[in-house]
Amino acid sequence: MSEANHKDQFEITLAVAPELHGLRLDVFLAQQITAYSRGLLQAWVRDGHVQIDGKNASKPREKVCVGQSVHILAPLQKTIKALAQPIELHIVHEDPQLLVVNKPAGLVVHPGNGNPDQTLMNALLYHCPTLSNLPRAGIIHRLDKQTSGLMVVPKTLEAHNTLCQQIQNRTVERHYYALVRGTMIAGKTVDAPIARHPQLRTHMAVVSSGRSAISHFRIHERFAHHTLLTCKLETGRTHQIRVHCQWMKHPIVGDPVYNRRFMPHKGAAHALIDALAGFKRQALHAYELAFHHPKDDQWVTFSAPMPADLQTLLDIVRRFDPAQQN
């Protein structure tokens with residue numbers, strides 16, 4: 001292996017060892033280069049930045065063979081088309097290496113179909129213009145639009161590489177609150193692979209051929225007909241907590257995709273019915289984030305309080321759906 005890092009490009013040559021023969025190219029690259037996401041590596045292949053034995057690789061799913069030489073020469077400075085926009089950021093922590101932000105519900109993380117601007121990326125580029133030098137403006141993980149809570153954003157290439165590697169190695173700890181339907185008796189760990197839903201292509205689902213997805217659920221507070229869970233993610237698949245809660249038959253309150261039918265329990269108070277029916281987002285909040293700081297490898301932990309809308313809903317649930325006393 002030979003490697004050279006320059007200010008605006010990444011270059012590396014990898015030899016395919018016998019034990020890696022037959023792997024998909026993107027899988028091979030993800031195993032060898034843990035500092036970058038598999039999605040970015042796939043983009044490099046599609047954009048013509050990856051060669052196998054001197055010829056441009058055709059597709060991420062192309063197979064590699066023992067003895068082949070895989071060469072990457074890819075730009076690190078992504079062309080950020082997003083505009084810098086003065087959008088309020090809830091900054092929990094900032095230092096020269098990184099930002100930790102508390103994303104509110106309703107804010108999209110990065111531009112896409114139907115959301116060309118007014119995203120977290122636009123806000124970040126306004127607050128820190130040098131983020132345009134990093135892939136995806138430093139966004140290395142995401143939260144769904146209607147999920148609130150903590151995200152870490154590296155500000156330098158070194159911090160980006162270190163934090164990406166921690167995510168790949170599953171050493172970044174992410175904790176969530178989730179208010180779900182039904183009363184759970186005990187916590188559990190769900191190890192169930194996730195992929196695109198076979199019929200509903202905009203949804204995710206537990207699929208045997210999907211990518212590994214592991215979520216740890218613990219009971220934080222139990223009510224008569226609902227449960228407030230704490231969730232710790234071991235992997236970070238799209239909609240992971242939402243899909244696993246639905247798969248457990250305890251969908252998240254307010255989830256517009258995985259809990260579409262609102263059915264109040266028999267005898268529910270009108271105030272509780274109104275509160276539950278009026279909560280138009282998934283009751284999910286990323287309240288804690290912990291990782292090794294890129295500067296000195298010290299373990300750091302950040303927290304964000306329950307947002308006002310979810311706190312109000314919980315207060316109503318506690319009042320009108322109290323757990324039965326033993």
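No value in this document is a laboratory result; all are computed from the given coordinates. The structure displayed is predicted, hence computed values, not measured ones. FYI the Cβ positions are ideal-geometry reconstructions off the backbone, even for glycines, and counts take in every protein chain you see.
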Using Cα positions and a limit of under 12 Å, work out the aspartates and glutamates in reach of K81, with same-chain residues fewer than 8 apart set aside.
-> D117
The ³J(HN,Hα) series, computed from each phi in the range 217-233 with the Karplus coefficients 6.51, -1.76 and 1.60 at θ = phi - 60°, rounded to the nearest Hz and given as x for glycine or proline, is 10, 10, 7, 9, 7, 10, 10, 5, 10, 9, 9, 9, 9, 9, 10, 10, 8
Using just the helices of the chain, give the 222 nm mean residue ellipticity in deg cm²/dmol: DSSP H runs with n ≥ 4 each add -39,500 (n - 2.57), and the total is spread over all residues, rounded to 500.
-> -6000 deg cm²/dmol
Neighbourhood charge, 11 Å Cβ-Cβ cut-off, centred on K59 and excluding it, Lys, Arg +1 and Asp, Glu -1 = +2
Relative contact order for the chain using alpha-carbon pairs under 8 Å, separation at least 6, rounded to a whole percent?
-> 14 percent
Taking placed amide H atoms and a strict 5 Å upper bound, the residues 5 or more places from Q9 or on another chain that come that close are L76
GluC sites (Glu not before Pro) within the range 35-123: which are DSSP loop residues with at most 16 other Cβ atoms inside 10 Å?
-> E62, E88
Cross-link pairs beyond the 31 Å C-alpha cut-off, checked among K59/K249; K103/K188; K63/K295; K63/K145 | K59/K249; K63/K295; K63/K145
Among (i) 39, 23, 17; (ii) 31, 24, 20; (iii) 35, 28, 20, which is the computed semi-axes √(5λ) of the Cα gyration tensor in Å?
-> (i)
In whole angstrom, the spacing between the Cα centers of the range 243-314 and the range 145-213 equals 14 Å
Choose one of I273, A290, V253: the residue whose Cα lies farthest towards the positive end of the charge dipole of the range 236-299 (beta-carbon charges +1 Lys, Arg; -1 Asp, Glu; about the Cα centre).
-> I273
Could you give the size of the charge dipole of the range 1-157 about its Cα centre, using +1 on the Cβ of each K and R and -1 on the Cβ of each D and E, expressed in debye and rounded to the nearest 20?
-> 400 debye
Highest to lowest packing among 315-321, 238-244, scored as the average C-beta count within 10 Å = 238-244, 315-321
Return the loop-located trypsin sites (Lys or Arg not before Pro) in the range 271-303 (DSSP other than H, G, I, E, B) with at most 12 other Cβ atoms within 10 Å of their own Cβ; answer none if there are none.
-> K280
